[in-house]
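Note sheet for the following structure.
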Amino acid sequence: LPSMQTSGSKPCPCPSFKLREVASMYFTMIAVFLVILVVALQGSVPRGSDFPYKVPLDPEGLLELSWNVSYPKQAVHFQLLIRDLQFGLLFGMSDRGEFENADLAVLWSDGHNSYFGDAWSDAKGQLHMDSQQDYQLLGAWRTPEGFYLLFRRAFSTCDPKDYLIEDGTVHLIYGILQKPVRSLQAINTSAIHRGLQRVQLLKPNITIPELPSDMKTREITVPNVIIPSQVTTYWCYMVELPDGFPKHHIIMYEPVITAGNEALVHHMEVFQCAAEFDSFPHYNGPCDSKPEELNYCRHVLAAWAMGAQAFYYPEEAGLAFGGPGSSRYLRLEIHYHNPLVFKGRHDSSGIRLYYTATLRRFDAGIMELGLVYTPVMAIPPGEEAFILTGYCTDKCTQLALPAAGIRIFASQLHTHLAGRKVVTVLSRDGRERQVVNADSHYSPHFQEIRMLKEVVAVFPGDELITTCTYNTEDRNQTTVGGFSILEEMCVNYVHYYPLTQLELCKSAVDPGYLHRYFNLVNRFNDEEVCMCPQVSVPQQFLSVPWNKFNRDVLKSLYGFAPISMHCNKSSAVRFPGNWEKQPLPTITEQLPEPVPRCPPTPGPQPAAPVPLNLGKLWRD
């Protein structure tokens, strides 16, 4: 364009521009603006180093999940590594790992184009695009290691089709698409290669305490064993500490996993043996063939499950081991999960203990809460959600706890195969004050010691109430309490300080009231329950005809009958006092149900997948 000039004025010193140059400058500015915009948008996208948690999803290790948790934003960032991408992937969550009624993020290809979308499955496993797209895609790229997919999900979306991400166990599910599919609805979830993995997604955001300079380590690992070529193996290995090993404090522990076996080592525990035995047999083999004496090695020193990180004790406490009154014998137990039945895999996994001779201010302790292992607590067959509750009463804590109370910092929930939910609540003066630990999607196949988000203070006169929910729909006989895997337990092993003499604070229904129940069953049913003295409680339960009346009366009995309290010292002797026929704690005020926090509504979004221009990413 010619330079413009007014009459009588001097020529403009500005350079003149041709139309092509102006257009070039304009589009260059637009490009720079777009680059700045993209950088700004990606500023909130986590880098690879920002994912502290990692777990293999499949037994072959072809799928790896990394994630982080933002409590301020109430969201989880997921990063999936797919080492051998074929035609797509399903990833999501469901109540217990089913592909029915699941909440899913789906990546799929029709062979030409690829898509990402938030979907849900109905009761038949049929996929549907979600009208509210809450899995937010942040990135997708390929590296020499494999294909990465990065996306975000809020804890709560207030979408009825979405899974509520909450504290406790989360059942993650995955499926691999090995053929192109023409649409999301064309994916047959029952015909794809699929599986599940259990994790604790919402890890506590705790400050890692400073470790002492005189810290030492000891690895408790199996000695290059060959993992048996079967789906499930529990392997036991005995370890002996040096003679005269003095008292130390364990202040931290972490897993030691043999490279390549990350997907096979499911969980591990280190138990200390009972101090009253001078020696234990050395053993290295399957736990179901272990010597009988090894059953006396049950004091947990460390427990790890797949997906868990290092465990730290609070800086003012440590777990004592070694010294007088402490056994030198330890038992390592490893659960190998080998669904593909690999053969010849060598393993030297275990747990690394970090300990110090500079003792901390407090010894940490472990206390059992819940139900006594007794058959008087029973679950009828065919129950969808049968509830049993165990009590640590105010009378016991008043007698056994110090005036300054104790501090619970970690917890391990435990049931056998029928357990579905576990929760422990702290009650004071008849009012529920705080949830100690809860798992609404509990699985007996995923048990770990979990650090609590906040320390729970328990004072003399407080009550700790542990409730377990069971499902026996697949059983046709009564399930009684006991030690067998087909019997049931309801336990919370709480880790606390300072150490007290109270090691077990549990209850069971009064046996006399249960005897009255059997009498009532006899009076109102044609079939007779044998009340002979020589007939055991399990046998009496087996002869109960489980009609609605007998079920409802048993539920009612457990809800009002007095209890037998076990307020026990570490010597298994009860504290002095009358502990039989104790009244149930009276709760006058319950904690309100938590209300999910809905994220701001982004406005109407089409129920459509996001097209991805990924280039040549799919297998020919």
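When only alpha carbons are used to place a centre, the range 70-142 and the range 305-352 end up 34 Å from one another.
Between N68 and S556, the contour length at 0.36 nm per residue exceeds the Cα-Cα span by 171.3 nm. Applying 1/(1 + (r/R0)^6) with r as the Cβ-Cβ distance of V573 and V535 and R0 = 30 angstrom yields a FRET efficiency of 0.50.
Net charge of the neighbourhood of M238, taken over other residues with C-beta under 12 Å away and scored Lys/Arg +1, Asp/Glu -1, is 0. Here, the range 496-590 is characterised by an Rg to Rh ratio of 1.08, where Rg is the alpha-carbon radius of gyration and Rh the Kirkwood radius.
The residues of the chain present an accessible area of 48 Å² per residue when probed at 1.4 Å with all protein chains retained. Remark: relative contact order (the chain) = 14 percent; criterion is Cα-Cα distance under 8 angstrom and separation of 6 or more residues. Farthest toward the positive end of the dipole of the range 364-599, out of S411, T374, C396, is the Cα of C396, where the dipole comes from beta carbon charges about the Cα centre. In the complete set of protein chains, residue-level accessible area for R298 is approximately 140 Å², probe 1.4 angstrom.
For the listed peptides 510-518, 308-316, a ranking on the average number of other beta carbons within 10 Å per residue, highest first, reads 308-316, 510-518.
As a length-normalised measure over Cα pairs under 8 Å and 6 or more apart, the relative contact order of the range 53-203 settles at 26 percent. Taking the Cα centre of the range 364-599 as reference, the dipole from Cβ charges on Lys and Arg (+1) and Asp and Glu (-1) amounts to some 440 debye.
About its Cα centre, what dipole magnitude does the range 143-292 give when the only charges are +1 on Lys and Arg Cβ and -1 on Asp and Glu Cβ, stated in debye to the nearest 20?
Here the range 143-292 has a charge dipole of around 1020 debye.
Extension gain, R182-D50: 0.36 nm per intervening residue step, less the Cα-Cα distance, totals 44.0 nm.
With the whole protein complex present, F245 retains an accessible surface near 30 Å², based on a 1.4 Å probe. The 3J(HN,Hα) values that the Karplus relation (6.51, -1.76, 1.60; θ = phi - 60°) gives for the range 91-107 are, in residue order, 9, x, 9, 8, 4, 9, x, 7, 8, 9, 6, 10, 10, 9, 9, 10, 10 Hz. Gly and Pro appear as x.
Please state the shape class of the range 378-448: rounded when a/c is under 1.5, otherwise prolate if a/b exceeds b/c and oblate if not, all from the C-alpha gyration tensor.
Here the range 378-448 falls in the prolate category.
Electrostatic bookkeeping for D159 treats Lys and Arg as +1 and Asp and Glu as -1; over the other residues with beta carbon under 14 Å from its beta carbon, the sum is -2. Legend: calculated FRET efficiency, N525 to T586, from the Cβ-Cβ distance at R0 = 41 Å, rounded to 0.05, equals 0.80. If R0 equals 56 Å, the separation of the Cβ atoms of K247 and A123 corresponds to a calculated FRET efficiency of about 0.45. Note on I208 and S484: the model spin-label points, each 7 Å out from Cα along the C-beta direction, lie 4.6 nm apart.
Answer rounded, prolate or oblate for the range 53-203, using the Cα gyration tensor with square roots of eigenvalues a ≥ b ≥ c: rounded when a/c is under 1.5, else prolate when a/b is larger than b/c, else oblate.
Cα axes put the range 53-203 in the rounded bin.
Along the charge dipole of the chain, Cβ charges K/R +1 and D/E -1, which of V341, L612, V423 sits furthest on the positive end? Value: L612. Excluding same-chain neighbours fewer than eight residues apart, the aspartates and glutamates reachable from K161 by a Cα-Cα span under 18 Å are D95, E98, E100, D103, D118, D122, D130, D134.
Using a/c under 1.5 as the rounded threshold, could you call the range 284-427 rounded, prolate or oblate? The axes a ≥ b ≥ c are square roots of the C-alpha gyration tensor eigenvalues, and prolate needs a/b larger than b/c, oblate otherwise. It is oblate, given that a/c is not under 1.5 and a/b is not larger than b/c. Considering the range 364-599 at the alpha-carbon level, its Rg and Dmax are found to be 18.1, 62 Å. Applying D = kT/(6 pi eta Rh) to the chain, where Rh is the Kirkwood radius over alpha-carbon pairs, T corresponds to 10 °C and eta to 1.306 mPa s, the Stokes-Einstein value obtained is 57 µm²/s.
If each DSSP helix of 4+ residues adds -39,500 (n - 2.57) and the sum is divided by the residues in the chain, what number results at 222 nm, nearest 500 deg cm²/dmol?
Only helices count here, giving -3500 deg cm²/dmol.
Charge dipole of the chain (Cα centre as origin; +1 on each Lys and Arg Cβ, -1 on each Asp and Glu Cβ, all else neutral): 1540 debye, rounded to the nearest 20. Within the accessible surface of the chain, defined with a 1.4 Å probe on protein heavy atoms only, the carbon and sulfur portion equals 54 percent. Since only N295, L81, P281 are under comparison, the one whose Cα sits farthest along the positive direction of the charge dipole of the chain, derived from C-beta charges on Lys, Arg, Asp and Glu, is L81. Charge tally for A607 (other residues, Cβ to Cβ under 14 Å; Lys, Arg +1; Asp, Glu -1): -4.
Within straight-line reach of K569, meaning a Cα separation under 25 Å, sit the following lysines at least 8 residues removed in sequence or on another chain: K247, K395, K506, K581.
The values are calculated or read from the model by the stated rules, or taken from the named source; none is laboratory data. Since the structure is predicted, the reported quantities are computational estimates derived from the model, not experimental observations. Virtual Cβ from ideal backbone geometry, glycine too; neighbours counted across all protein chains shown. Please note that ligands, DNA and RNA were not included when accessible areas were found on the heavy atoms of the full protein model with its side chains. Shrake-Rupley method; radii C 1.70, N 1.55, O 1.52, S 1.80 Å.
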